[in-house]
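Enquirer: There's a structure below that I have some questions on.
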Amino acid sequence: MTKRPRFLHRVARERYDSRRFANPYFTHGKPRNRRKALVAAAFALTVGGLLGATGYLFASPRFDVAEVGVEGCRTIAPEAVRAIVDQELDRRAYLFLDRRNRFLFDPEPVRAAINASFSLDRLEVTREGKRVLVTLSEKVSQIVWKSADARFLVDLQGTVLRELGDDEPLPDLGKPLPAFIDVNRVPPSVGGTVLSADEVAGIFSFHEWLTRLGILFGTTRVDRLAGKWMSVETADGYDVLFDPLGDVQAQAENLNAVLHDQVKDPGKLQYVDLRFGDHVYFK
């Protein structure tokens, strides 16, 4: 009789330890796991949806820039500007995306690329929906600068405006543009200077004096490495060396005196050097 209570006590203890009598209203393990799973699933769906929407916005051709407009060109071909813009739009913004997408469009690289090819008075690049508009104002070119096999347009400040294409005709500004030849054959950079404004003014003033004296002339040669000496090729075949920063009128008068008093046949001349004041040298 004494052993049975101990047996019952041992069985009850084992059943208690095995949790067979646990209250079902206090089992929280499974509901908590379900909530975590639902939250994780909702988060995954949200992130996936956002990634899908973002990928659609940035990668779909539906949102690409479809047109490039160019306004304000005078001597520059609009097609040349449009080609620069298209090249920039096709550049990669990120690994698999390009700047043609309207949400990734950045006007600054486009402006920089255009300014690298043309020296302009004004430049604006804007986007309106699927259209990029380039509005520009050109500087007025006054000189054709030839260096090696390249040709450039230069303004009165001596600034290089742009390079001319191989077969591109000279701009029609109502009068022929004077041609300057760089004897050093060193192509300049767009936006750089090949002459100072005072030198350009002096050259044009000397050209005017030659016209007054009835001397026909063609190109002007410039040696920028040898103190920027300059010479004008005349129709009679001789060169006139002059200093555009000196007294241009005095040099023209000295030239006139040599041709009338000392040279009987200008066709036999090789050069007349006017750069040293009243000391005129000729051969």
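The values are calculated or read from the model by the stated rules, or taken from the named source; none is laboratory data. The shown structure was predicted, so the numbers you read here are calculated from the model rather than taken from an experiment. A quick note on method: Cβ atoms are made from the backbone with ideal geometry, for glycine too, and the neighbour counts reach across all protein chains shown. These area figures cover heavy atoms from the full protein model, side chains too; ligands, DNA and RNA do not enter into them. Shrake-Rupley method; radii C 1.70, N 1.55, O 1.52, S 1.80 Å.
Enquirer: Measuring with a 1.4 Å probe in the full set of protein chains, what accessible area per residue, in whole Å², belongs to region 159-276?
Expert: Here the per-residue accessible area is 53 Å².
Enquirer: A further question follows. With +1 on each Lys and Arg Cβ and -1 on each Asp and Glu Cβ, how big is the dipole of region 111-206 about its Cα centre, in debye rounded to the nearest 20?
Expert: 340
Enquirer: To the nearest 20 debye, what is the magnitude of the charge dipole of region 150-283 about its Cα centre, counting +1 on the Cβ of each Lys and Arg and -1 on the Cβ of each Asp and Glu?
Expert: 180
Enquirer: A further question follows. Can you give me the P(r) profile for region 140-247? Cα pairs, bins 10 angstrom wide beginning at 0, each as a whole percent.
Expert: With a bin width of 10 Å, the distribution comes to 14, 49, 33, 4.
Enquirer: Give the residues of region 207-223 whose amide nitrogen is closer than 17 Å to a point set 7 Å from the Cα of LEU173 in the direction of its Cβ.
Expert: 207-208, 219-220
Enquirer: What does the accessible area of TYR238 come to, in Å² to the nearest 10, when a probe of 1.4 Å is used?
Expert: 0
Enquirer: Heavy atoms of the protein only, probe of 1.4 Å, neighbouring chains included. What is the accessible area of LYS130 in Å², nearest 10?
Expert: 80
Enquirer: Something else now. With only alpha-carbon atoms in the gyration tensor, what are the semi-axes of the equivalent ellipsoid for region 61-209, in Å, largest first?
Expert: Ellipsoid half-lengths, sorted descending, are 35, 15, 12 Å.
Enquirer: Which FRET efficiency, nearest 0.05, do ASP90 and ASP236 yield, Cβ-Cβ r, R0 45 Å?
Expert: 0.25
Enquirer: Let me ask something else about it. Any idea how far apart VAL186 and ASP223 come out in nm if each label point goes 7 Å out from Cα toward Cβ?
Expert: Result: 1.4 nm between the two label points.
Enquirer: Would you mind getting me the FRET efficiency between LYS268 and LYS130? Use the beta-carbon distance for r and R0 = 51 Å, nearest 0.05.
Expert: So, using R0 = 51 Å, E works out to roughly 0.15.
Enquirer: Taking all protein chains as present, what is the carbon and sulfur share of the accessible area of region 92-202, in % to the nearest whole number, probe 1.4 Å?
Expert: The value for region 92-202 is 49 percent carbon and sulfur by accessible area.
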